[in-house]
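J.: I have a structure I would like to understand better, so I am pasting it below and will then ask my questions one at a time.
The values are calculated or read from the model by the stated rules, or taken from the named source; none is laboratory data. As the structure is a computational prediction, the values presented were derived from the model and not from experiment. Virtual Cβ from ideal backbone geometry, glycine too; neighbours counted across all protein chains shown. To get the accessible areas, we keep the full protein, side chains included, count just its heavy atoms, and leave off ligands, DNA and RNA. Shrake-Rupley method; radii C 1.70, N 1.55, O 1.52, S 1.80 Å.
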Amino acid sequence: MSTATSRASRRDLALVWHQIRYEQLSFWRNPQSAFFTFVFPVVIITLFGAMFGGVGRSSYFYGLSALQYYVPTIAAVSVLGACYSQLAIVLSTRRQNGMLKRVRATPLPAWAYFLGLLAHCLVVSVVDIALIVGVGRLFGVPLPTQWAAAGAALVLGAASFCALGVAVASVIRNAEAAPAVVQLVLFPLVFISGTYLPIHSGVLDRIAGWLPVRPFNQALLGSFAQHTGVDWKDLGVLLAWGAAGALVAVWRFRWDPRAG
Amino acid sequence: MPDAITVSELARSYGAVRAVRGISFTVGRGEIFALLGPNGAGKTTTLEILEGFRGRDAGQVEVLGFDPADRATGRVLRERIGLVLQDIAVEPYLTVRETLARNAGYYPAPRDVGEVIALAGLAGQERTKVRNLSGGLKRRLDLGLGLIGDPDLLFLDEPTTGFDPSARRDAWQIVRGLRGCGTTILLTTHYMDEAQALADRVAVMSGGRIVARGTPADLGGRDSAQARIRFALPRGYAAADLPTGATAVAGDGLVTVRTSAPTETLHQLTGWALDRGLTLDRLTVDRPSLEDVYLGLTGTAAAEDPVERSDR
């Protein structure tokens, strides 16, 4: 019995690896989409570098230079894009054109399919962050110091935002509406979370602190630039949002383009 | 051996629309069974319930011994069935071989990718990206994806809709080849000739019910129906001159003789003509075609049940 179980779990492991490989292959085969996925964060951080490269340490940026502040927040928003936005849009598109139903027609378990997507989002996030940190380095921003804390924040953040992306895809009925809905949710959230401008409002900070974006910003700021290590409260809030997203996803996710 | 599929008193409604109204049928192992009917007859709903995509309101369903609505056994069941769906939806940037190899990895004992490429008639297209395939080749890839897991049971939902005549014949040839391998096939179609060419047994659906069932040869009493002998009356003769009695005169100048003993009747007619040195021009003998039977069945049923038209 136990050998059968271990054989089954080894097969499942191979299955996940198989799915990750083909999900990657599909992505990199579409060079345009791959290019634009990575060009956006590079353009933003380069623009910010050009605009704020000369702004040194100030209290406005919590004692950091402008770019020391923006490298982690732009990194955070690129993870949001790679996980939450992309996944919500890709899933609603794949559902609408019948690709999800096609997946459902095979014995591939749902969890393996989603692990393949999660891995893909992580890969994109890591490449995004590497590019942003690299461009930041060109503008003289020191490399992040606390890699373990940054890694933990990244994995947890990516997983949580993926769960939220799946949740939004579960609620959206048609693919045309997906980008608009995704932006409608994300845009104000990114602004009040200090991604593009530091927020110096106690009330706003407290509100944003209970929403998913600011804790992620803070976690990356802490581990990239402020040497503060792991902030458990931020990670806890992220985790809670991820769990909420996962619940909605499990409860509402549909594979079939038609309601049924 | 138990049947591959048993369905009894299956029913499914969408709101007020009763798409499937208590149908029962079985499909034996190794059999090709066709659900025939016009759009909106409930074929696709029935198929989707059997495939596990839809729930049912009432009735019993068993597919290879499993209840397709049971999530716990869904994966085991899916490992043994192949689905060819109506909508073409495949990752556009992978090649034919990659697409098949990806899905092969989902099954415990898949067919060889090269073998499926040959079987589905995709030889020479291995390295073509899916987005560059023609519609017909995409459908073949669909079929290949249905076969890659080496299924015991294959569902084909309108497998040749949109095919040109030669592509249809090719597809039929593939399906017949599968029968040779012992694969059980349930197909839906609204083409009479397709059911006739492929199926061992047919059930005709209309308005959510099965209105007739049988082999393509005897469906709707075709085998016992009267044969129809038609020809042009020789010049100078009237229908009443024929030894077989009065016959109806059709608009195209042909007369029709209906008979339940075509061998004798034909002998009488040709003997009569030869004795007089006449020919019976444009002579044909036929039975009501499956299409005639089908139109009769579904037309009547639709008139009785004008309620629902769509299960889509």
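J.: Need the full-extension length gain, A:R137 to A:W28, defined as separation in residues times 0.36 nm minus the C-alpha distance. One decimal, nm.
T.: Fully extending the segment from A:R137 to A:W28 adds 36.6 nm.
J.: In whole angstrom, note down how far apart the Cα centers of the range A:123-162 and the range B:112-173 are.
T.: If you average the Cα positions of each part, the centres end up 45 Å apart.
J.: Along the charge dipole of chain A, which of A:A130, A:A14, A:S193 sits closest to the positive end, that is, farthest toward it, with unit charges on the beta carbon of Lys, Arg, Asp and Glu (+1, +1, -1, -1)?
T.: A:A14
J.: What are the equivalent ellipsoid semi-axes of the protein assembly as shown, built from the alpha-carbon gyration tensor (square roots of five times its eigenvalues), in whole angstrom, biggest first?
T.: 65, 22, 22
J.: Decide, for the range A:2-252, between rounded, prolate and oblate: order the square roots of the alpha carbon gyration tensor eigenvalues as a ≥ b ≥ c, take rounded if a/c falls under 1.5, and otherwise choose prolate if a/b is larger than b/c, else oblate.
T.: Since a/c reaches 1.5 and a/b is larger than b/c, the shape of the range A:2-252 is classed as prolate.
J.: Using DSSP, restrict attention to beta bridges with both residues in the protein assembly as shown and report what percent are antiparallel, rounded to the nearest 5. Write down the numbers at each step before the final one.
T.: Values: 32 of 50 bridges.
About 65 percent, rounded to the nearest 5.
J.: Please report the relative contact order for the range A:5-162, taking Cα pairs under 8 Å with a sequence separation of at least 6, and give it as a percent rounded to a whole number.
T.: That works out to 34 percent.
J.: Counting heavy atoms of the protein chains only and a 1.4 Å probe, report the per residue accessible area for the protein assembly as shown as a whole number of Å². Write out the running numbers ahead of the final one.
T.: On the way: 25280 Å² over 572 residues.
For the protein assembly as shown, the per-residue accessible area is 44 Å².
J.: Mind checking which helices in chain B clear 15 Å along their axis (Cα) and have mean Kyte-Doolittle hydropathy of -1.0 or more, DSSP H runs only?
T.: Once both thresholds are applied, what remains is B:135-147, B:165-180, B:262-275, B:290-304.
J.: Please list, or write none, the lysines whose alpha carbon is within less than 24 Å of the alpha carbon of B:K138, excluding same-chain residues fewer than 8 places away.
T.: A:K101, B:K43, B:K129
J.: Sorted by average packing, counted as other Cβ atoms within 10 angstrom per residue and highest first, what order do A:26-35, A:113-122, B:118-127 take? Mind dumping the intermediate values first?
T.: Numbers: A:26-35: 13.7, A:113-122: 20.6, B:118-127: 15.7.
Highest mean packing first, the order is A:113-122, B:118-127, A:26-35.
J.: Would you kindly give the portion of the calculated P(r) for the range B:106-157 that falls above 19 Å, as a percent of all Cα pairs?
T.: The proportion of pairs with Cα distances above 19 Å equals 25 percent.
J.: Pick from B:N39, B:N103, B:N132 the residue whose mean-square fluctuation is largest in a GNM of chain B, springs joining Cα atoms under 10 Å.
T.: B:N132
J.: Taking all pairs of different Cα atoms in the range A:1-97, averaging 1/r and flipping that mean, what Kirkwood radius in angstroms comes out?
T.: Result for the range A:1-97, one decimal place: 17.0 Å.
J.: Which of the residues in the range A:219-260 lose at least 50 Å² of accessible area when you go from the chain alone to all protein chains together (probe 1.4 Å)?
T.: For the range A:219-260, once contacts with the other chains are taken into account, A:R258 lose 50 Å² or more.
J.: Which percent, to the nearest 5, of DSSP beta bridges fully inside chain B are antiparallel?
T.: On the way: 31 of 49 bridges.
The antiparallel proportion sits near 65 percent.
J.: Among B:S166, B:G271, A:W210, whose Cα lies farthest out toward the positive end of the dipole of the protein assembly as shown, if unit charges sit on the beta carbon of Lys, Arg (+1) and Asp, Glu (-1)?
T.: Checked the options; the winner is A:W210.
J.: Let me ask you something else. Tell me the carbon and sulfur percent of the accessible area for the protein assembly as shown, rounded to whole percent, probe radius 1.4 Å.
T.: C and S fraction of accessible area: 60 percent.
J.: Over what distance in Å are the Cα centres of the range B:179-193 and the range A:9-83 separated?
T.: 50
J.: Please compute, for peptide B:50-56, the average count of beta-carbon atoms on other protein chains lying within 10 Å of each residue's beta-carbon.
T.: Average per residue, whole number: 2.
J.: Another question, then. Quote the charge dipole size of the range B:1-120 about the Cα centre in Debye, to the nearest 20; the model charges only the Cβ of Lys and Arg (+1) and of Asp and Glu (-1). Present the calculation step by step, with values, prior to reporting the outcome.
T.: Working: 14 positive and 15 negative charges, 44 e Å.
Here the size comes out at about 200 debye.
J.: Rank these residues by their accessible area, most exposed first, probe 1.4 Å: A:T93, B:T263, B:T46.
T.: The most accessible residue leads, giving B:T263, A:T93, B:T46.
J.: Note the per residue figure in Å³ for the convex hull of the C-alpha positions in the range A:147-260.
T.: Convex hull of Cα atoms, per residue: 107 Å³.
J.: Could you tell me how many cubic angstrom of Cα convex hull volume the range B:227-285 has per residue?
T.: 73
J.: Taking beta carbons within 10 Å but only from partner chains, what does the mean come to for residues A:200-210? It would help to have the intermediate numbers written out before the result.
T.: On the way: counts 0, 0, 0, 0, 0, 0, 0, 0, 0, 0, 0.
So the per-residue partner count for this stretch is 0.
J.: Okay, moving on. Per-residue mean of other chain beta-carbon atoms within 10 angstrom of the beta-carbon, peptide A:101-113?
T.: 6
J.: Can you figure out the FRET efficiency of A:A177 with A:S9, using R₀ = 51 Å and their beta-carbon distance, to the nearest 0.05? Each step should come with its number before you reach the end.
T.: On the way: r = 39 Å, r/R0 = 0.77.
The calculated FRET efficiency here is 0.80.
J.: Another question about this same structure. Going highest first, how would you order B:26-33, B:155-162 by mean Cβ packing within 10 Å?
T.: Descending packing order for the listed peptides: B:155-162, B:26-33.
J.: Let me ask another. Compute the helix-to-body angle for A:110-138: its Cα long axis versus the longest principal axis of chain A, expressed 0 to 90° and rounded to tens.
T.: Helix A:110-138 and the main axis of chain A meet at about 20 degrees.
J.: Kirkwood hydrodynamic radius of chain B from all distinct Cα pairs, in Å?
T.: Computed over chain B, the radius equals 21.9 Å.
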